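Student: Mind looking over this structure? Questions follow.
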Amino acid sequence: MNVRTPLVAGLAVSALIALAPVASAQTGAAPAPPIAQGPPITGYCVFSLNEIISGSKVGQAVVARLKVLGAQVSAELQPEVDSIRNDENALRTQASSMDQATLQARQANLQLRATNFEKREQLRQQEMQATQQKQLGVVGRQLTPIMNDIYAQRHCAVLIDADSGGVRIVNPSMDLSPAAISALDLKIQTLTFDREHLDTQAPAAAAAPPARSR
């Protein structure tokens with residue numbers, strides 16, 4: 001039997017942590033020489049949602065809050081991990097002095113606890129993922145009209161997603177991300193939220209009375 005140490009705090013915000021700008025491979029390394037940019041291509045614009053989330057105040061607030069919620073989940077789960085591991089070690093030590101029936105009963109009980117714990121851990125991970133998706137959805141709804149306005153102001157004919165479109169280097173004058181960050185900061189700077197509770201939502205939905213047909 002092997003009880004996994006809960007990694008919810010790290011896993012739950014892994015997608016958001018990935019949004020942070022990639023740091024230099026070596027701390028203190030000499031800055032790269034400036035790149036000679038060609039002229040901007042008329043009508044072509046790019047943006048980076050990762051850059052907008054990691055650079056905007058509301059995106060930073062969401063990341064910070066998710067880390068807090070992830071730490072709370074880890075604090076909730078860790079005592080049960082420790083308890084199961086301690087009982088597993090004690091059972092291993094005492095096994096030689098037990099009769100077979102008692103040993104099997106203790107092993108079955110420990111396995112049941114481990115199984116129930118893993119279900120609870122998976123539920124917490126799903127809740128953190130649902131929380132992250134919901135809050136990024138809130139930011140996205142605020143960002144959409146901003147991007148539309150900037151797109152029109154810059155007379156863009158095509159908008160390329162720099163995060164998934166294979167863009168490595170682009171003339172900064174074609175990048176809408178800095179303008180989007182500034183506008184998003186003026187519109188919204190923080191979000192207040194708690195972890196989604198999926199274990200309570202499902203029963204509530206099941207208990208809802210069916211709609212009457214007319």
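Student: Of the residues ALA64, ALA152, which single one is assigned to a helix (DSSP H, G or I) and loosely packed, with under 12 Cβ neighbours inside 10 Å? Show your work before the answer.
Tutor: Working: ALA64 fails: loosely packed, with under 12 Cβ neighbours inside 10 Å.
Being assigned to a helix (DSSP H, G or I) and loosely packed, with under 12 Cβ neighbours inside 10 Å holds for just one of ALA64, ALA152, which is ALA152.
Student: Follow-up. How many residues, within the stretch 160-184, are assigned to a strand (DSSP E or B) and within 19 Å of PRO39 (Cβ to Cβ)? Even if it seems obvious, please write down each step before you answer.
Tutor: So in the stretch 160-184, the residues assigned to a strand (DSSP E or B) come out as 160-161, 175.
Keeping just the survivors that are within 19 Å of PRO39 (Cβ to Cβ) gives 160, 175.
Qualifying residue count, the stretch 160-184: 2.
Student: Mind listing whichever residues of the stretch 76-89 are surrounded by 12 or more Cβ atoms within 10 Å (Cβ to Cβ), within 30 Å of ARG195 (Cα to Cα) and not hydrophobic (A, V, I, L, M, F, W, C)? Reasoning before the result, please.
Tutor: Here is the first cut: in the stretch 76-89, the ones surrounded by 12 or more Cβ atoms within 10 Å (Cβ to Cβ) are 76-78, 80-85, 87-88.
After this cut, where a residue has to be within 30 Å of ARG195 (Cα to Cα) as well, the list is 76-78, 80-85.
Correct list: GLU76, GLN78, GLU80, ASP82, SER83, ARG85.
Student: Before we move on, is GLN133 open to solvent by 30 Å² or more (accessible area, probe 1.4 Å), within 18 Å of the chain's Cα centre (by Cα) and modelled with pLDDT of 90 or more? Show your work before the answer.
Tutor: Working: open to solvent by 30 Å² or more (accessible area, probe 1.4 Å): yes; within 18 Å of the chain's Cα centre (by Cα): yes; modelled with pLDDT of 90 or more: yes.
For GLN133, the condition - open to solvent by 30 Å² or more (accessible area, probe 1.4 Å), within 18 Å of the chain's Cα centre (by Cα) and modelled with pLDDT of 90 or more - is met.
Student: Looking at the structure I just gave you, is LEU123 in a helix (DSSP H, G or I), free of Cβ contacts under 8 Å to residues at least 60 places away in the same chain and either over 30 Å from ASP175 (Cβ atoms) or among the small types (Gly, Ala, Ser) (or both)? Full working, then the answer.
Tutor: Values: in a helix (DSSP H, G or I): yes; free of Cβ contacts under 8 Å to residues at least 60 places away in the same chain: no; either over 30 Å from ASP175 (Cβ atoms) or among the small types (Gly, Ala, Ser) (or both): yes.
It is false that LEU123 is in a helix (DSSP H, G or I), free of Cβ contacts under 8 Å to residues at least 60 places away in the same chain and either over 30 Å from ASP175 (Cβ atoms) or among the small types (Gly, Ala, Ser) (or both).
Student: In addition: Which numbered condition in (1) more than 25 Å from HIS197 (Cβ to Cβ); (2) under 23 Å from the mean Cα position of the chain (by Cα) is the only one that ALA95 fails?
Tutor: That leaves (2) as the condition not met.
Student: Filter the stretch 196-214 for residues that are modelled with pLDDT under 85 and part of a loop (DSSP other than H, G, I, E, B); which is farthest from GLY140 (Cα to Cα)?
Tutor: Of the stretch 196-214, the ones modelled with pLDDT under 85 are 199-214.
Within this subset, residues satisfying the condition of being part of a loop (DSSP other than H, G, I, E, B) are 208-214.
Values: ALA208: 31, PRO209: 33, PRO210: 33, ALA211: 33, ARG212: 36, SER213: 37, ARG214: 39 Å.
Residue satisfying both the conditions and the ranking: ARG214.
Student: OK, next. Of a type in the set (D, E, K, R) and crowded, with 17+ Cβ neighbours inside 10 Å: is that true of GLU118 in this structure?
Tutor: Working: of a type in the set (D, E, K, R): yes; crowded, with 17+ Cβ neighbours inside 10 Å: no.
Considered against the rule, which asks whether it is of a type in the set (D, E, K, R) and crowded, with 17+ Cβ neighbours inside 10 Å, GLU118 comes out as no.
Student: Could I ask something else about it? Quick one: count up the residues across the stretch 90-109 that are open to solvent by 80 Å² or more (accessible area, probe 1.4 Å) and in a helix (DSSP H, G or I). Outline the logic, then answer.
Tutor: Taking the stretch 90-109 first, the residues open to solvent by 80 Å² or more (accessible area, probe 1.4 Å) are 92-93, 96-97, 99-100, 104, 106-107, 109.
Next, only the ones that are in a helix (DSSP H, G or I) stay: 92-93, 96-97, 100, 104, 106-107, 109.
Qualifying residue count, the stretch 90-109: 9.
The values are calculated or read from the model by the stated rules, or taken from the named source; none is laboratory data. As the structure is a computational prediction, the values presented were derived from the model and not from experiment. Neighbour counts are summed over all protein chains in view; Cβ atoms, including those assigned to glycine, are modelled from backbone coordinates with ideal geometry. Note: areas computed on protein heavy atoms with side chains; ligands, DNA, RNA excluded. Shrake-Rupley method; radii C 1.70, N 1.55, O 1.52, S 1.80 Å.
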